[in-house]
Amino acid sequence: QVQLVESGGGLVQAGGSLRLSCAASGRTFSSYDMGWFRQAPGKEREFVATINWNNATHYADSVKGRFTISRDNAKNTVSLQMNNLKPEDTAVYYCAARRMFFSEFDYWGQGTQVTVSS
């Protein structure tokens, strides 16, 4: 029902910034919780940040104070502003959606690569 496409990844030096964007196709976007997850080589996919339908946000401890998640319901987009990037932030970043009253994120994008050099 919902298609998600991430963009904005790339190569950046440590201490730099990137802004990721996720474009959603779906008429009920505004009712979905949205999230960002990431997966580094050899590691499990991990939670990064979420923003619910009412703009409440949660962040992983590792990114608090550095990353900001936001959404624009008029444009059907969710963004992740990443500041003060560290090499350990290097991963494929995935956008995900969770339907209202569901406990799991079950719509996923294809991912965008973020590489942070030392």
Apply the Karplus curve 6.51 cos²θ - 1.76 cosθ + 1.60, θ = phi - 60°, to the phi angles in region 21-36 and return the couplings in whole Hz, x for Gly and Pro.
10, 10, 9, 10, 10, x, 7, 10, 3, 5, 8, 8, 7, 10, x, 10
Which order do peptides 42-53, 27-38 fall in by mean Cβ count within 10 Å, highest first?
27-38, 42-53
Total charge dipole magnitude, region 1-115, about the Cα centre, Cβ charges on Lys, Arg, Asp, Glu only, Debye to nearest 20:
220 debye
So the FRET efficiency between Asp106 and Thr68, C-beta based with R0 = 25 Å and rounded to 0.05, is 0.50
Just need the relative contact order of the chain here, percent rounded to a whole number, with Cα pairs under 8 Å and 6+ apart.
36 percent
3J(HN,Hα) from dihedral phi, region 76-86, Karplus parametrisation 6.51/-1.76/1.60, rounded to Hz, x for glycine, proline:
6, 10, 10, 10, 9, 7, 10, 10, 6, 5, 10
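No value in this document is a laboratory result; all are computed from the given coordinates. Since we're looking at a predicted model, the values are computed, not measured. We place every Cβ from the backbone using ideal geometry, glycine too, and count neighbours over all the protein chains shown.
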